[in-house]
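**Q** Quick one: this structure, given as structure tokens, is what I'll be asking you about.
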């Protein structure tokens, strides 16, 4: 048991150190590897594009009749605030976490003109840093769990999201779905893969109903988890 706990601590520490190093080297590239030389305009426009593609096309499931401007939402893995800023232009209150203090510092700069958007450094596994005085309406994560080498870490995140969401609320997120790719528990770039069955089982264990999925077997495996 102590060995497992120690191994987990080592994994979380390596995640933090690796992502801090990536942030210092070229944060925007490691957040979105489409290019190495993002301008401010291009970088944040790519976040707006993600919101158009993954949020605005799915408002029935996300909002469930609520006014977005009245919704409180959560983002896992905010990086340099690329998507967080776009979410904050749509939703009434946004709280976001990242394991990297370097990334969170950049996210806070990006959100400086948006007082209803907040970024926190967490321990890479739970959401204890997030204010829990009232429930969240929606949670979102994209291109984050694909980099996590531990199923335990990912499942703990999912349980934590369930703890913070209101009943019926949606957690829409991606995991790595390509089991043919070689993964290494010491690698914080290529995360552990999930099959469709793995995703269904995790939903049940964590208090969710998995109603939809898209992209099973691929790098970007989308899951729609609704809190029971």
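No lab work stands behind these numbers, since they all come straight from the coordinates. These figures come from a predicted structure and were not determined experimentally. Methodologically, a virtual Cβ is constructed for each residue, glycine included, from the backbone with ideal geometry; neighbour enumeration extends over all protein chains shown.
**Q** Restricting to DSSP H runs of at least four residues, report the calculated mean residue ellipticity at 222 nm for the chain, -39500 (n - 2.57) per run over all residues, nearest 500 deg cm²/dmol.
**A** Numbers: 7 runs with 91 residues, N = 228.
Mean residue ellipticity at 222 nm (helix-derived): -12500 deg cm²/dmol.
**Q** Which whole-number percentage describes the relative contact order of the chain, with Cα contacts under 8 Å and a sequence gap of 6 or more? Walk me through the numbers before you get to the answer.
**A** Values: 430 pairs, mean separation 37.2, N = 228.
Reported relative contact order: 16 percent.
**Q** For residue 10 and residue 105 in one chain, what is 0.36 nm times their gap in residues minus the Cα-Cα distance, to one decimal in nm?
**A** Details: separation 95, 0.36 × 95 = 34.20 nm, distance 2.33 nm.
Stretched fully, the residue 10-residue 105 segment lengthens by 31.9 nm.
**Q** While we're here: Determine, for each peptide in 64-70, 160-166, 179-185, the mean count of other beta carbons within 10 angstrom over its residues, then list the peptides with the highest first. All intermediate terms of the calculation are to be shown ahead of the outcome.
**A** Working: 64-70: 12.1, 160-166: 19.7, 179-185: 10.3.
Per-residue Cβ counts within 10 Å, averaged per peptide and sorted highest first, yield 160-166, 64-70, 179-185.
**Q** Shifting gears a bit: With no solvent and one point per C-alpha, what does the Debye sum give as log10 I(q)/I(0) for region 75-126 at q = 0.18, 0.22, 0.25 Å⁻¹?
**A** -0.44, -0.65, -0.83
**Q** Ratio of Rg to Rh for region 1-52, alpha carbon only, Kirkwood? Write down the numbers at each step before the final one.
**A** Details: Rg = 15.9 Å, Rh = 13.0 Å.
My calculation puts Rg/Rh at 1.22.
**Q** If you take the Cα Rg of region 106-179 and divide it by 2.2 N^0.38 Å, with N the number of residues, what do you get? Spell out each step's value before the answer.
**A** Details: Rg = 13.5 Å, N = 74, 2.2 N^0.38 = 11.3 Å.
Computed over Cα atoms of region 106-179, the ratio equals 1.19.
**Q** Where does the Debye-calculated log10 I(q)/I(0) of the chain sit at q = 0.10 Å⁻¹, using only Cα point scatterers of equal weight, no solvent?
**A** After summing over all Cα pairs, the log10 values are -0.41.
**Q** Taking a quarter of the surface of the convex hull around the Cα atoms of region 184-228, what do you get in nm²?
**A** Value for region 184-228: 3.5 nm².
**Q** Which value in nm describes the separation of the simple spin-label points at residue 58 and residue 17, placed 7 Å from the Cα toward the beta carbon?
**A** Each label point lies 7 Å from its Cα, and together they span 3.5 nm.
**Q** Can you give the FRET efficiency to the nearest 0.05 for residue 114 and residue 159, using r as the Cβ-Cβ distance and R₀ = 22 Å?
**A** Working: r = 29 Å, r/R0 = 1.31.
Result of the calculation: an efficiency of 0.15.
**Q** Now for a separate question. How large is the Kirkwood hydrodynamic radius of region 154-221, counting all unique pairs of alpha carbons, in Å?
**A** After inverting the mean inverse Cα-Cα distance, the result is 12.8 Å.
**Q** Follow-up. How do 95, 214 rank when sorted from fewest to most other Cβ atoms within 10 Å of their own Cβ?
**A** Working: 95 22, 214 12.
Going from least to most buried by this count: 214, 95.
**Q** Where does each of 167-175, 13-21 land if you order them by average Cβ count within 10 Å, highest first?
**A** Numbers: 167-175: 20.9, 13-21: 17.2.
Highest-to-lowest ranking by the protection proxy: 167-175, 13-21.
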